[in-house]
Structure formats: structure tokens, C-alpha cells
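A short write-up of the structure that comes next.
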Amino acid sequence: MSNIPGELKYLSSHEWVRVEADGTATIGITDHAQDLLGDVVFVELPEVGAEINAGEEAGVVESVKAASDIFSPVSGEVLAINEALEESPDLVNNEPYEDGWFFKVKLTDESDLESLLDAEAYSAACEDEDH
Amino acid sequence: MGNKTALYDTHVACGGKIVDFGGWDMPIHYGSQLEEHHIVRQASGMFDVSHMTIVDLAGDDAKRYLQYLLANDVDKLKDVGKALYTGMLNEKGGVIDDLIVYKMPEGYRLVVNCGTREKDLAWMEKQASGFDIVLTERPELAMLAIQGPDAIAKAKEVLAGEKADVISTLKVFQGLESGGWMLCRTGYTGEDGLEIILPEESAVSFWQQLQTAGVKPCGLGARDTLRLEAGMNLYGSEMDEDTSPLQANMAWTIAWQPEDRKFIGRAALEAEKTDGVKTKLVGLVLEERGVLRGHQKVIVEGVGEGEITSGTFSPTLGYSIAIARVPMETGDSCSVEMRKKLQTVKVVTPPFVRNGARVYK
């Protein structure tokens with residue numbers, strides 16, 4: 001069974017977002033997603049300073065199996081990207097919620113968070129997908 | 001629910017992630033495809049390939065029949081155990097399947113793909129009229145591939161005695177029987193190793209003994225990245241019923257001599273050769289980020305277009321490689337349409353990797 005932390009918010013396309021203490025948002029893909037993808041070999045991330053919009057493509061994750069778009073769950077300015085993924089893309093497989101994060105965003109509209117799935121709803125979405 | 005091999009429960013117990021593979025429930029990996037790939041390049045790994053179809057052929061006309069059925073000539077098989085790689089073609093020269101045929105003491109053994117089983121068997125039966133032959137499928141046999149620089153030593157360690165002695169005598173592309181098992185020095189990874197055909201009731205204990213000896217279970221995902229690095233064709237990707245061996249880097253498997261051997265597809269191949277073959281299979285290399293994938297469009301400036309037949313990330317090289325069908329005039333570079341962008345790639349001659357090291361120039 002995949003690990004779906006209760007404190008995060010999710011998109012049904014398998015991205016997670018965590019609102020940090022300073023109000024910024026960190027984005028990555030879920031344990032369920034990394035398991036579906038298999039070994040991740042490259043991650044293409046947005047540029048620091050770029051403005052991204054909720055629901056739009058913000059990057060690409062390439063695994064041995066397939067290439068998948070990364071959608072941003074929220075709108076805002078990209079404050080940082082996870083440069084460690086360049087050398088160690090396997091962090092996405094091994095630590096999807098910790099060192100395998102993708103990018104951090106300064107939120108422009110906190111109400112974006114309201115339309116996202118909670119852990120329970122995301123878990124149900126994964127189950128639907130499996131059947 | 002698909003077909004299951006004798007090792008299915010063992011795969012699940014080993015943590016295998018099971019996927020549908022040509023109608024069979026097979027492990028794609030046991031945790032990490034990349035790790036399994038590296039194990040085969042550096043030490044030894046084992047694959048369950050029991051889903052492959054094994055057909056034995058006997059009868060007075062067995063040789064004459066295969067000389068008609070196959071593009072390569074089984075007359076090359078002078079000694080028992082010798083193996084031959086060949087295409088089985090249709091009348092228009094397309095590849096119905098690629099297969100290995102072994103000369104056995106009492107006839108021949110053919111190992112064909114799993115996804116093509118039904119059409120292969122139907123075709124073989126259909127072509128049998130007028131020949132005194134008996135075709136016998138052997139679903140009760142399992143097949144394991146043990147591959148990697150340590151594979152032969154590990155197999156001999158587990159199979160002490162007569163079978164180990166037989167393994168020591170094997171030449172590359174040769175398979176010999178011992179005590180109801182067939183030990184073949186063949187593979188699909190570009191490494192030395194064995195493919196072992198054995199009674200399915202022995203498969204689980206043999207697998208477990210190999211595992212205890214340190215041979216790592218590997219899934220069919222790693223088998224695909226390994227075979228692609230080795231520049232080997234996959235049926236349904238590099239060739240199919242609409243592709244001739246001349247277009248699939250398999251010209252070397254067509255035995256044109258003797259000229260009076262009338263094999264199925266010969267006339268079409270001769271006509272194609274006379275007209276000039278229009279396409280070829282080449283290797284592509286993308287040393288930058290990104291992964292080449294099957295079916296991506298290839299653009300050769302001033303020449304024409306082609307298509308990637310198989311593409312993947314090469315775990316050994318650390319970047320992406322592919323096999324592509326391109327116009328014959330293609331030079332040493334071309335572009336691939338990747339996610340709506342054109343990316344320049346190098347055109348090379350496969351294989352990409354042999355015995356663990358880069359070999360393309």
C-alpha cells in the first residue's frame with residue numbers, strides 16, 4: 001500500500017503540495033506515482049523565478065518506463081528547485097515526500113489549496129485508478 | 001488473469017511487480033529495474049522466460065521442412081546442440097517471428113516468442129502438408145536465463161556433477177541435454193550466460209538454489225534495457241509481418257545459398273534486393289537529458305523521415321539510446337521529435353554495449 005501522508009494536499013495526477021511554516025509551498029510526486037513510474041532517470045524542473053499557474057505543466061519526470069508531465073497544484077513564483085535530483089533522480093523513488101521534492105513556490109493565491117484533494121480523497125482516486 | 005509460469009508464486013514471494021506480458025503474468029522488476037540491469041552487467045541475474053514457446057520437431061522430413069519454413073538454413077547445423085537464429089517469413093517476406101532452432105539428437109527444437117505462439121503454431125501446422133513431420137509443443141518445460149559475467153560459474157556451482165561438466169564444454173550458441181535438462185549458452189543481454197530448459201517441477205527449487213548462490217532475480221524490464229543496449233531485435237518492435245529481414249538488420253540470417261532452396265518468402269526478398277532496400281535500422285544516441293521512446297518520429301534533413309522502433313534510458317551508459325528505422329541514405333546525425341521539440345541525435349551502429357562496456361563509435 002502506498003504511503004499517503006495525511007498533512008499534504010494532492011492532485012489526482014499524483015502531485016503533492018506541502019505548505020511550509022513560512023507560507024511557501026513545496027511540490028513533489030506521490031509514493032503511488034513513483035511506484036507506477038518505476039526508476040526515475042531524469043527530472044526537468046521549471047526555472048527559478050518563473051511564474052507558474054495551478055493545473056498547468058511545470059516540468060517532466062522521465063522514468064525507465066515513460067515520460068510524465070508534472071502539473072503544479074498551485075500558482076506562484078518558483079523560489080527554488082531541487083538541484084540534487086540532477087545527480088540523484090532516484091531520490092524521487094526513495095524519498096518522494098522528503099529529499100525527492102521537485103520545486104518550491106511562493107503562493108500567489110492561497111485559495112488554490114482549497115480545491116485540492118486531501119489524503120482520503122486522493123487515496124480513493126488512486127483506488128479508482130487501480131480498478 | 002493471464003497465464004502463469006511454474007515460478008509465478010516464487011516471483012510474488014520475491015517481491016516481483018507483476019504485469020501482463022503477452023497474456024502472461026510476469027515480473028517486470030523486483031523493486032528496481034536499474035539495479036537488476038546493473039547486476040547482470042556486473043555479476044549475475046536470472047530471468048524466468050518460461051513464457052517462451054518451445055516446440056519439438058521430429059520425423060523423416062524434419063530437415064527438409066525447416067529448410068522450407070525458415071530463411072536461415074538448418075543445414076548449417078552439423079552437430080547436435082548447435083543453434084541457429086532465423087526469421088520465419090510469410091510469402092511477402094515479412095517476419096512472422098524470429099526464433100532459435102537447435103539441432104537435437106532426434107530432430108530439432110524451436111524456441112519462439114510468447115506473444116506470437118498461436119499464429120506461429122498455426123503457420124507451422126499449415127506449412128506441414130506434404131512433409132512427414134511431427135510438431136510437439138512442450139508447455140511442461142520451464143526456461144530460465146542466467147546472465148552476466150558470473151552466470152556460468154554460479155550455474156556450475158549450483159549444478160555440480162554431470163550438468164556442470166556439460167556447461168563447461170558448451171560453446172557459444174550451443175545447447176546440450178543432460179538428465180532431462182537442456183543447457184544452452186545463449187541469451188538476450190549481451191553478456192555471457194545460459195538459458196536452461198528444464199521440467200517445470202524442478203524450476204522452483206533450481207531458482208531458489210541460484211538465489212541462495214547469489215544470483216539475483218531480474219524482471220523483464222531489465223531484460224529489455226539489456227537487449228536494447230546489446231542492439232538485439234525485439235519482435236513487434238524492430239520487425240513484424242510487414243517488415244522484411246533486409247529492413248531489420250537480419251540480412252545475415254538469410255541463407256541465399258544454395259540457390260535452389262525454395263524457402264517461404266525467398267522470391268519476395270530477392271525482388272526487394274533487386275529493387276534496392278529503402279530503409280535500415282540504426283542506433284541513435286542522445287547524450288543529453290531526455291529519453292528516446294518507441295514510435296517517436298525521426299527526421300533526416302534533406303532525406304526523409306523514420307521512426308524509433310525501441311527507445312530507452314541506457315543504465316550502463318547513463319543516457320538514452322534507441323533503435324530506429326530510417327531511410328537508407330541517412331548519415332551520422334538526425335533529429336527526433338520528442339515532446340513537440342526537435343532534438344539532434346547521433347546515428348551509430350548497434351550494439352551500444354557489450355560485456356559491460358560502451359562499444360559504439
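The values are calculated or read from the model by the stated rules, or taken from the named source; none is laboratory data. Not measured: the values here are computed from a predicted model. For neighbour counting, all protein chains shown are included, and Cβ atoms are generated from backbone atoms with ideal geometry for every residue, glycine included. Surface areas here come from the heavy atoms of the whole protein model, side chains and all, with no ligands, DNA or RNA. Shrake-Rupley method; radii C 1.70, N 1.55, O 1.52, S 1.80 Å.
Looking at B:Val204, B:Val215, just one residue is among the aliphatic types (A, V, I, L, M), open to solvent by 10 Å² or more (accessible area, probe 1.4 Å) and in contact (Cβ under 8 Å) with a residue 12 or more places away in the chain, and that residue is B:Val204.
Every test in (1) assigned to a loop (DSSP other than H, G, I, E, B); (2) more than 30 Å from A:Ala66 (Cα to Cα) is passed by B:Leu194 save one, and that test is (1). Please go through the stretch A:14-40 and give me each residue that is within 14 Å of chain B (Cβ to nearest Cβ), aliphatic (A, V, I, L, M) and surrounded by fewer than 22 Cβ atoms within 10 Å (Cβ to Cβ), ordered by number. Across the stretch A:14-40, the qualifying residues are A:Leu36, A:Leu37. Residues that are within 14 Å of chain B (Cβ to nearest Cβ), of a type in the set (Val, Ile, Thr) and open to solvent by less than 40 Å² (accessible area, probe 1.4 Å) number at least 2 in the following strands (runs of 3 or more DSSP E) confined to the stretch A:41-131: A:57-63. Could we say that B:Tyr360 is open to solvent by less than 20 Å² (accessible area, probe 1.4 Å) and aromatic (Phe, Trp, Tyr) here? For B:Tyr360, the condition - open to solvent by less than 20 Å² (accessible area, probe 1.4 Å) and aromatic (Phe, Trp, Tyr) - is met. Of the listed requirements (1) among the basic types (Lys, Arg); (2) without any contact (Cβ under 8 Å) to a residue 24 or more places away in the chain; (3) farther than 25 Å from B:Gln42 by Cα, B:Lys278 misses just one: (2).
Here's the yes/no breakdown for (1) open to solvent by 10 Å² or more (accessible area, probe 1.4 Å); (2) among the β-branched types (Val, Ile, Thr); (3) in the same structural domain as B:Pro199 (by TED's automatic domain parsing); (4) not in a strand (DSSP E or B):
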residue	(1), (2), (3), (4)
B:Val55	no, yes, no, no
B:Asp60	yes, no, no, yes
B:Lys63	yes, no, no, yes
B:Asn72	no, no, no, yes
B:Asp75	yes, no, no, yes
B:Val80	yes, yes, no, yes
B:Tyr85	yes, no, no, no
B:Gly93	no, no, no, yes
B:Val101	no, yes, no, no
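Checking B:Ser32, B:Ser50 one by one, the residue that is open to solvent by 10 Å² or more (accessible area, probe 1.4 Å), within 26 Å of B:Leu210 (Cβ to Cβ) and without any contact (Cβ under 8 Å) to a residue 12 or more places away in the chain is B:Ser32 and no other. B:Tyr8 falls short on exactly one of the conditions (1) of a type in the set (Ser, Thr, Tyr); (2) open to solvent by less than 20 Å² (accessible area, probe 1.4 Å); (3) over 30 Å from B:Phe131 (Cα atoms), and that condition is (2). Can you confirm whether the stretch A:96-117 contains a residue that is among the basic types (Lys, Arg) and touching a strand residue (DSSP E or B) at 6+ places or on another chain (Cβ under 7 Å)? Looking through the stretch A:96-117, at least one residue is among the basic types (Lys, Arg) and touching a strand residue (DSSP E or B) at 6+ places or on another chain (Cβ under 7 Å).
Once the stretch B:288-327 is narrowed to residues that are charged (D, E, K, R) and more than 10 Å from chain A (Cβ to nearest Cβ), the residue that is surrounded by the fewest Cβ atoms within 10 Å (Cβ to Cβ) is B:Glu301.
Do we have any residue at all in the stretch B:230-243 that's farther than 22 Å from B:Val112 by Cβ and either assigned to a helix (DSSP H, G or I) or over 14 Å from the mean Cα position of the chain (by Cα) (or both)? No: zero hits. Here B:Ile28 meets the list (1) within 14 Å of another protein chain (Cβ to nearest Cβ); (2) β-branched (Val, Ile, Thr); (3) within 19 Å of B:Ile196 (Cα to Cα) almost entirely, failing just condition (3). Among the residues here, B:Arg266 does not qualify as at pLDDT below 95 and either more than 24 Å from B:Gly22 (Cβ to Cβ) or open to solvent by less than 10 Å² (accessible area, probe 1.4 Å) (or both). Scan the stretch B:258-279 and tell me whether some residue there is assigned to a strand (DSSP E or B) and either closer than 24 Å to B:Arg227 by Cα or within 22 Å of the chain's Cα centre (by Cα) (or both). Looking for residues that are assigned to a strand (DSSP E or B) and either closer than 24 Å to B:Arg227 by Cα or within 22 Å of the chain's Cα centre (by Cα) (or both), one finds at least one in the stretch B:258-279, hence yes.
Of all residues in the stretch B:89-123, those being modelled with pLDDT of 95 or more, hydrophobic (A, V, I, L, M, F, W, C) and either touching a Cys at 6+ places or on another chain (Cβ under 9 Å) or closer than 29 Å to B:Val166 by Cβ (or both) number 7.
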